[in-house]
Structure formats: structure tokens, C-alpha cells
Amino acid sequence: MQQKTHQITVSTHGRKLYDITPELISWAKASGIKTGLITLYIQHTSASLLINENYDHDVLVDMETFFSRLIPDGDPMFIHTVEGPDDMPAHVRTALTQTHLSIPLLDGKAALGQWQGVFLYEHRHISGKRRVLFHLIGE
């Protein structure tokens, strides 16, 4: 068994989904490992990771529209507003999505479906830098 690790930093510019699929595919291929399991983990509480459609950009727009309706910024039920009206909604969005993903590695490739992509979902309106850790175990 071998293990490989990697970290990427994604510069975000407001609330939306950022495609990190190319970085994942490139790193997995360069690892030299043929069969295994890739784990991705985001080190933040107001951003998350998603696997979703990577073909029609409208899917990403619709995801944000849905979450904006489900968890509106500035909702008076939230008392945690230290960093602004999108602060607590960002934490709720993270709780409803994922902070880590597992993706099989088969024949040296991340085993994503034909239309699947991996996204960092920034839940804040402000710009920032988000860290995502990659871990691969296999042979």
C-alpha cells in the first residue's frame, strides 16, 4: 500500500461553486497509484465540497438558487451574525452539504461518472482562500 497527500488552495470570489475537478484528475494521474481511494477534505466551516453535474452550468446556478431560498441571508432566527448576515447561513449550508468526499481510483483515474465534477462550494459572499486536502491510499 502507498499513500499520497496533496493540498490545493482555491481563491474564491464570492458565493458560488468552483470546479476543482482538473486539479483532482491531474494529481490522481500523477500519483502513480492504479487502484485505491481518494479522500478530499475541506478545512473550513463556511465552505463545502460537492459532486454534481459538470456539463450544464445551469445546474450550478440552480443549486445556488435553491440554497438561497432554503437558507436566506439575514434570517432573523439566527443570532450568530458576527461576520455579517451570510455568516450563520454559511454554516448551515456546510452542515447540509459535505466537508469530505471519497472517490475510488480505478486504472489510475478518479472514477467520476461521465457528467460528474468535484466542486468547492463557497458559502460566503466575501473573497477568500480555501484549503482542500487530498489523500490517496492504494497500490
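The values are calculated or read from the model by the stated rules, or taken from the named source; none is laboratory data. Worth saying up front: this structure is predicted, and the values here are computed from it rather than measured. As a convention, Cβ positions derive from the backbone with ideal geometry for all residues, glycine included, and neighbour counts pool all protein chains shown.
Taken together, the criteria exclude T97 from residues that are farther than 23 Å from T9 by Cβ and surrounded by fewer than 19 Cβ atoms within 10 Å (Cβ to Cβ). Pairing residues of region 10-29 that are touching a residue at least 60 places away in the same chain (Cβ under 8 Å) with residues that are in a helix (DSSP H, G or I), at Cβ distances under 8 Å and at least 6 apart in sequence or on separate chains, gives R15/E64; K16/L60; K16/E64; L17/L60; L17/M63; L17/E64.
Rundown of residues vs (1) of a type outside the set (D, E); (2) at pLDDT 95 or above, yes/no style:
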site: K16; (1), (2): yes, yes
site: A28; (1), (2): yes, yes
site: G36; (1), (2): yes, yes
site: Y55; (1), (2): yes, no
site: E83; (1), (2): no, no
site: M88; (1), (2): yes, yes
site: H91; (1), (2): yes, yes
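If the condition is being of a type in the set (G, A, S) and surrounded by 14 or more Cβ atoms within 10 Å (Cβ to Cβ), then region 59-87 contributes only G84. Taking region 97-113 as the range and being touching a helix residue (DSSP H, G or I) at 6+ places or on another chain (Cβ under 8 Å) and either β-branched (V, I, T) or under 30 Å from R69 (Cβ atoms) (or both) as the test, the residues that pass are I103, L112. Being more than 18 Å from the chain's Cα centre (by Cα) and over 12 Å from R15 (Cα atoms) narrows it down to one residue among G117, G84, G113; which is it? Matching residue, one of G117, G84, G113: G84. Look at H44 and say whether it is touching a residue at least 24 places away in the same chain (Cβ under 8 Å), under 23 Å from K129 (Cα atoms), part of a strand (DSSP E or B) and not β-branched (V, I, T). The answer is no for H44. Taking region 10-45 as the range and being closer than 18 Å to P104 by Cβ, aromatic (F, W, Y) and within 13 Å of the chain's Cα centre (by Cα) as the test, only Y41 passes.
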